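Student: This is the structure I have questions about; it appears just below.
The values are calculated or read from the model by the stated rules, or taken from the named source; none is laboratory data. Just so we're clear, the structure is a prediction, and the values are computed from it rather than from any experiment. So basically every Cβ, Gly included, is an ideal-geometry build from the backbone, and we count neighbours across all protein chains shown.
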Amino acid sequence: MSELMVFDEVREAIVMSGGEEIQKCMQCGVCAGSCPWGRMEEKSEFNIRAMFHMGRLGYDGYESDDYLFACTTCNQCAVRCPRGIKIPDVVRAMRSVIAETGGIPKNLKAVLGSINSQGNPWSQERGERTAWMKGVEVPEYTPDKEYLLFVCCTSAYDGRSQKVARSVVELLQAAGVSFGIIGVEEQCCGESVRKIGAEEDFTRLAEYNIGLYNKKGVKKIITTSPHCYYTFKNEYPEFGGEFEVYHYTQLLDELMAHGKLKLSKPVGGKVIYHEPCYLGRHSKAFDAPRNLMSSVPELQLVEFEGNKDNSLCCSGGGARIWMETRAGQRFSDVKIKEAAEKEAQVVATACPYCIVMLEDSLKNLNKDDVMTVKDISEILRESL
Amino acid sequence: MAKGIWVFAEQRDEEIKKVTYELLSAGRKAADALGEELCAVLMGRGVGSLAGKLGEYGADKVYVADVDALENYTTDAYTNVLADLAKEHQPTAILLACSVAGRDLAAQVAQRLGTGLMTDCTDIAMEDGQLVFTRPIYAGKAFVKAACPQARPVMATIRPNVLAADAPQAGRAAETVTVSAGAGDIRQVIKEIIKQISTRPELTEADIIVSGGRGMKGPENFAILEELADVLGAAVGASRAAVDAGWLSHSFQVGQTGKTVSPVLYIACGISGAIQHLAGMSSSKCIVAINKDPEANIFKVADYGIVGDLFEIVPLLKEEMKKLLA
Amino acid sequence: MKIVVLMKQVFDTEAKITLDGSGKINKQGVSLVMNPYDEYAVELGLRIKEKLKGEVTVVSLGGDEVQSALRQALAMGADKAVLVDPGTEEIDEFTTATILAKAVGGMEYDIILGGFKAIDDGSVQVCGRVAEILGVPVVNVVTQAEVEEGKAVATCDIDGGSAVIEVSLPAVLTAQKGGIEPRYPSMKGIMQAKKKPMQKIGLAEIGLDAAQVAPKVKALNFFMPAARAAGKTVPGEPAEAARELARLLREEAKVI
Ligand code: SF4
Ligand code: SF4
Ligand code: SF4
């Protein structure tokens with residue numbers, strides 16, 4: 001077989017896996033110039049334009065944890081690409097060619113294994129999925145309920161994030177929302193699974209979840225995480241899952257507008273908002289989180305230099321949350337430093353992954369005595 | 001007819017390893033139940049004087065192969081001698097320690113004798129007149145009980161420290177039989193032996209891990225964990241926070257973004273229990289947490305927790321362990 | 001240089017182990033991966049090939065599902081794959097080794113590699129048995145190996161340290177992690193792998209019958225470890241708590 005034929009086949013495989021847009025790339029480099037990896041204190045070898053170049057020509061040599069699996073799928077590049085290429089989709093396609101043949105980073109293999117066996121990426125017992133409910137009354141989902149509340153795996157299992165799940169429940173209850181949860185039958189939404197490139201595993205999860213929701217009569221879903229939100233809303237329809245999906249901030253914002261959610265208690269302090277990419281840039285839900293926080297009496301909301309479409313990712317997306325990033329290359333460190341410079345007391349966000357990443361940085365930079373990371377739901381709950 | 005329960009008496013630097021006594025104690029019970037003799041097989045150079053000890057721990061007979069070629073363990077030399085001896089005497093069973101050498105030797109001998117071998121066993125019992133072995137599979141997530149119904153000898157390697165060694169009976173003597181068998185052709189040529197100063201095992205291979213987090217307050221304080229680890233033969237690990245602080249290198253990091261481990265015992269000191277850390281170690285069989293914050297997440301997965309100052313507790317625990325393991 | 005790698009497909013490390021209706025290990029709902037130690041063996045094989053030229057053949061035992069692991073090895077750079085179907089689930093290490101040795105015995109080989117253990121049954125004996133059947137020397141738990149025409153110098157773990165051992169080829173070496181990192185399959189490798197030969201054969205084709213490979217060891221029953229009891233707080237002053245903890249670890253948990 002000639003070498004040239006192999007090159008063609010590689011490109012073909014990327015296209016076949018859903019990366020057809022790679023052919024539109026004109027190699028202008030706007031993407032690489034926008035990518036946070038190039039803006040870190042310690043430079044990374046990862047260059048998205050170069051990876052597209054190699055992919056288009058069918059070259060290899062970028063198959064590694066720190067190159068092919070570096071992209072956090074934050075979408076920063078894509079909103080600026082002059083050709084309008086959905087860059088994270090191409091990255092996913094390139095990963096899936098490799099992943100299909102077992103070329104998955106070691107840490108991510110364990111994540112996939114855990115999701116297959118336990119239904120969650122954290123290697124925790126399937127049966128413990130509802131452990132977060134301790135101390136709050138959470139109704140079970142029945143067809144007479146208007147919404148299904150889907151608690152992200154992270155908020156279901158991580159002690160820190162469980163508080164977020166409980167806050168969301170309390171807020172929904174305070175606003176008189178009719179909702180319930182399914183619990184142990186649920187499985188991970190599969191967002192990261194797909195970003196890893198494990199298409200088969202993702203398909204299985206999506207089909208399982210869609211089947212489960214349909215069986216239970218679910219029509220509307222509220223999510224605690226923007227990642228689940230994005231997947232339910234944008235990816236499940238491919239598999240026949242048509243649901244009305246809300247990130248909890250969107251629903252609460254509506255409820256507040258209708259006077260059903262009342263924020264009255266003052267919560268003082270300077271709060272800086274870290275925009276989760278999957279809520280902001282990917283879903284364009286820029287206003288709801290800001291409206292909610294601005295309605296909290298005495299809360300002083302400030303912004304990062306880059307916000308909305310230009311917000312810097314925390315580096316937890318695209319399955320990077322389970323991979324090691326060297327100090328000096330962590331986006332979340334940059335965020336915490338900026339927040340500290342702006343003398344914020346609270347970094348607010350609305351994504352369980354962001355919380356994990358930001359809190360890690362907070363501790364590593366020894367800023368945890370001057371600042372805290374909070375989910376918006378936690379701030380709102382204090383204000384009830 | 002097959003006769004006799006054999007124990008391969010592992011020695012290093014002219015000292016019998018403790019696991020040998022554990023095997024002798026278990027072998028003694030099996031031999032008594034079957035009405036057979038218990039034999040130890042002692043191999044090495046200048047090891048003859050160790051035979052007495054084996055008698056005190058229950059051996060009726062000790063085969064001693066004391067030749068120059070057995071000074072250092074090589075697969076071929078040890079396999080040749082043990083397999084020849086077994087062919088000659090046809091024992092019912094041969095028990096070995098599940099050490100690097102024990103595993104190596106057991107596989108070769110079992111194949112040469114055309115028999116079955118159960119490795120890494122954690123229990124031996126007599127059931128319906130046959131020896132039944134329990135062994136962990138899937139890293140201890142399940143167990144299997146297995147036997148070797150027909151082929152003889154039944155062979156097994158037993159994990160050290162899981163079976164109890166009975167007290168020796170001073171003065172109890174074993175018959176010593178000198179083995180003249182030659183070591184044969186040795187194809188593995190030892191070029192060099194590198195003794196490790198620290199015998200701390202690799203993290204992912206360790207049975208016991210002593211791990212420290214941000215609560216250790218500084219790299220210098222890891223010394224107390226290392227001391228405890230050395231008493232236990234454990235590896236030292238760290239949480240991401242401790243690694244990020246630069247106190248230990250990334251190769252020590254336990255957790256999803258570092259190494260996933262599932263030791264028999266995991267001792268977490270000053271680790272709060274971030275989800276990535278828990279995901280990397282919560283399949284450990286037994287988890288101990290020492291932390292001054294009673295609310296720390298690590299206590300949710302711990303089998304035993306001590307709420308308190310690790311700087312006080314860890315050194316005390318080390319002393320207690322020393323006493324226990326003496 | 002003809003290099004043979006013995007490979008096994010296993011449950012991934014995070015697999016939740018349960019028993020099925022007949023009390024056997026449930027194979028549903030788990031991810032299957034190449035045994036991690038075998039990845040090191042494949043890597044070692046590829047490095048030998050890159051240095052000395054030659055061919056890497058991966059050999060495995062099992063049903064069709066094993067093809068994905070074999071394909072990974074091919075995508076990493078191995079040249080050929082052979083899959084032998086034992087035709088039965090009732091196998092032990094003797095069975096496996098007998099079949100593998102017979103399959104490999106019919107090929108040309110200078111060096112045979114494998115992982116030093118499989119993470120599922122952890123039995124650490126198949127490769128050694130294969131060496132014994134083929135009458136070639138074995139060096140186990142190898143972290144590094146320098147291979148030349150006719151000989152291999154291997155660094156391996158021994159009790160209390162490590163050793164450097166030389167053997168003449170052909171020989172069997174079993175790989176332990178520590179020295180080298182297994183590579184990713186490359187894009188090009190994946191495309192090429194699709195066209196590489198994957199031979200599927202049964203026992204009869206290598207001249208064995210069921211009786212010759214009948215297992216020696218019989219699994220009597222499988223069981224799960226006792227469920228985790230609720231965590232205990234060990235109370236008392238530090239000295240008291242430390243003493244009590246040590247006692248509990250020895251007497252109750254039995255882990256010391
Ligand atoms: S910005 Fe778009 S067109 Fe330009 S190099 Fe990147 S992907 Fe290609
Ligand atoms: S999605 Fe984000 S991380 Fe990925 S290449 Fe684009 S800018 Fe970089
Ligand atoms: S974790 Fe949060 S910031 Fe980070 S990629 Fe996801 S949404 Fe983006």
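Student: Can you find a residue in region C:28-41 that is modelled with pLDDT under 95, of a type in the set (V, I, T) and assigned by TED's automatic domain parsing to the domain that holds C:A193?
Tutor: Yes, region C:28-41 contains at least one residue that is modelled with pLDDT under 95, of a type in the set (V, I, T) and assigned by TED's automatic domain parsing to the domain that holds C:A193.
Student: Shifting gears a bit: Quick one: is C:K218 of a type outside the set (D, E), more than 7 Å from every other protein chain (Cβ to nearest Cβ), in contact with a strand residue (DSSP E or B) (Cβ under 8 Å, 6 or more places away or on another chain) and surrounded by 14 or more Cβ atoms within 10 Å (Cβ to Cβ)?
Tutor: So C:K218 fails the test.
Student: Identify all residues within region B:31-66 that are surrounded by fewer than 19 Cβ atoms within 10 Å (Cβ to Cβ) and farther than 25 Å from B:L131 by Cβ; write none if there are none.
Tutor: Correct list: B:R45, B:G46, B:G48, B:S49, B:G52, B:D66.
Student: If we scan region A:343-363, do we find a residue that is of a type in the set (A, V, I, L, M), out of contact with any His (no Cβ under 7 Å at 6 or more places or on another chain), free of Cβ contacts under 8 Å to residues at least 40 places away in the same chain and within 20 Å of B:S272 (Cα to Cα)?
Tutor: Yes, region A:343-363 has at least one match.
Student: Cβ contacts < 6 Å: first residue in the same structural domain as B:R28 (by TED's automatic domain parsing), restricted to region B:163-179; second residue assigned to a loop (DSSP other than H, G, I, E, B) and of a type in the set (A, V, I, L, M), any location; separation 6+ or different chain. Result?
Tutor: From residues that are in the same structural domain as B:R28 (by TED's automatic domain parsing), the pairs are B:A174/B:A59.
Student: Could you tell me which of the residues A:R92, A:R56, A:R11, A:R80 is modelled with pLDDT of 95 or more and away from ligand 3 (no atom under 16 Å from the Cβ)?
Tutor: The conditions single out A:R80.
Student: In the set C:K2, C:K24, which member is modelled with pLDDT of 95 or more and more than 14 Å from chain A (Cβ to nearest Cβ)? If you could, list the steps in order and put the result at the bottom.
Tutor: Details: C:K24 fails: modelled with pLDDT of 95 or more.
Being modelled with pLDDT of 95 or more and more than 14 Å from chain A (Cβ to nearest Cβ) holds for just one of C:K2, C:K24, which is C:K2.
Student: Sticking with this structure for a sec: For residues that are under 21 Å from A:D368 (Cβ atoms) and within 14 Å of ligand 2 (Cβ to nearest atom), scanning just region A:302-321, find the one that is surrounded by the fewest Cβ atoms within 10 Å (Cβ to Cβ).
Tutor: A:L312
Student: Can you pull out every residue in region B:1-58 that is in a loop (DSSP other than H, G, I, E, B), in contact with a strand residue (DSSP E or B) (Cβ under 9 Å, 6 or more places away or on another chain), closer than 22 Å to B:L105 by Cα and in contact (Cβ under 8 Å) with a residue 40 or more places away in the chain?
Tutor: Scanning region B:1-58 gives B:A2, B:G4, B:E10, B:K17.
Student: Quickly run through region A:322-354 and pick out the residues that are under 10 Å from the mean Cα position of the chain (by Cα) and within 13 Å of ligand 2 (Cβ to nearest atom).
Tutor: Result: no residue meets the conditions.
Student: Kindly indicate the residue of region B:117-139 that is within 7 Å of another protein chain (Cβ to nearest Cβ) and in contact (Cβ under 8 Å) with a residue 40 or more places away in the chain and also nearest to B:S262 (Cα to Cα) among those meeting that condition.
Tutor: First, pick out the residues of region B:117-139 that are within 7 Å of another protein chain (Cβ to nearest Cβ): B:117-120, B:132, B:137-139.
This time we only want the ones that are in contact (Cβ under 8 Å) with a residue 40 or more places away in the chain, so: B:117, B:139.
On the way: B:L117: 25, B:A139: 7 Å.
It comes out as B:A139.
Student: Pick out the one residue from A:S64, A:S44, A:S96 that is within 15 Å of A:G197 (Cβ to Cβ) and surrounded by fewer than 23 Cβ atoms within 10 Å (Cβ to Cβ).
Tutor: Step by step, each of A:S64, A:S44, A:S96 is checked, and only A:S64 is within 15 Å of A:G197 (Cβ to Cβ) and surrounded by fewer than 23 Cβ atoms within 10 Å (Cβ to Cβ).
Student: Please work out which residue is farthest from A:G280 (Cα to Cα), limiting yourself to region A:59-90 and to residues that are within 11 Å of ligand 1 (Cβ to nearest atom) and aliphatic (A, V, I, L, M).
Tutor: Applying the filter and picking the extreme gives A:V90.
Student: So, in region A:76-121, exactly how many residues are more than 10 Å from chain C (Cβ to nearest Cβ) and either within 16 Å of ligand 2 (Cβ to nearest atom) or not in a loop (DSSP other than H, G, I, E, B) (or both)? Step through it out loud before you land on a result.
Tutor: Residues of region A:76-121 more than 10 Å from chain C (Cβ to nearest Cβ): A:76-93, A:95-96, A:107-108, A:120.
Remaining after also requiring either within 16 Å of ligand 2 (Cβ to nearest atom) or not in a loop (DSSP other than H, G, I, E, B) (or both): A:76-93, A:95-96, A:107-108.
Total meeting the criteria: 22.
Student: So in region A:233-248, with the set limited to residues that are closer than 17 Å to A:A165 by Cβ and either touching a Phe, Trp or Tyr at 6+ places or on another chain (Cβ under 6 Å) or assigned to a strand (DSSP E or B) (or both), which one is farthest from ligand 1 (Cβ to nearest atom)?
Tutor: Step by step, filter region A:233-248, then rank; the result is A:Y246.
Student: Follow-up question, since we're still on this one. Go through region C:54-166 and tell me which helices (runs of 4 or more DSSP H), entirely inside it, have 2 or more residues that are among the polar types (S, T, N, Q) and more than 9 Å from chain B (Cβ to nearest Cβ).
Tutor: The helices (runs of 4 or more DSSP H) meeting that bar are C:67-76, C:93-105.
Student: Further question: Pairs please, first residue from region B:198-220 and of a type in the set (S, T, N, Q), second anywhere and assigned to a loop (DSSP other than H, G, I, E, B), Cβ atoms under 8 Å, 6+ apart in sequence or on different chains.
Tutor: Filtered contacts from region B:198-220: B:T199/B:G233; B:T199/C:G160; B:T204/B:T260; B:T204/B:V261; B:T204/C:K177; B:S211/B:S239; B:S211/B:I271.
Student: A further question follows. Given the options A:L279, A:L301, name the one that is more than 12 Å from ligand 3 (Cβ to nearest atom) and either in contact (Cβ under 8 Å) with a residue 24 or more places away in the chain or in contact with a strand residue (DSSP E or B) (Cβ under 7 Å, 6 or more places away or on another chain) (or both).
Tutor: A:L301
Student: Just need a number here: residues in region A:15-43 that are within 10 Å of ligand 2 (Cβ to nearest atom) and within 25 Å of A:I104 (Cα to Cα).
Tutor: Total meeting the criteria: 6.
Student: Applying the selection to region B:81-114, what residues are assigned to a helix (DSSP H, G or I) and under 19 Å from B:E205 (Cβ atoms)?
Tutor: Of everything in region B:81-114, those that are assigned to a helix (DSSP H, G or I) and under 19 Å from B:E205 (Cβ atoms) turn out to be B:V100, B:A101, B:G102, B:R103, B:D104, B:A106, B:A107.
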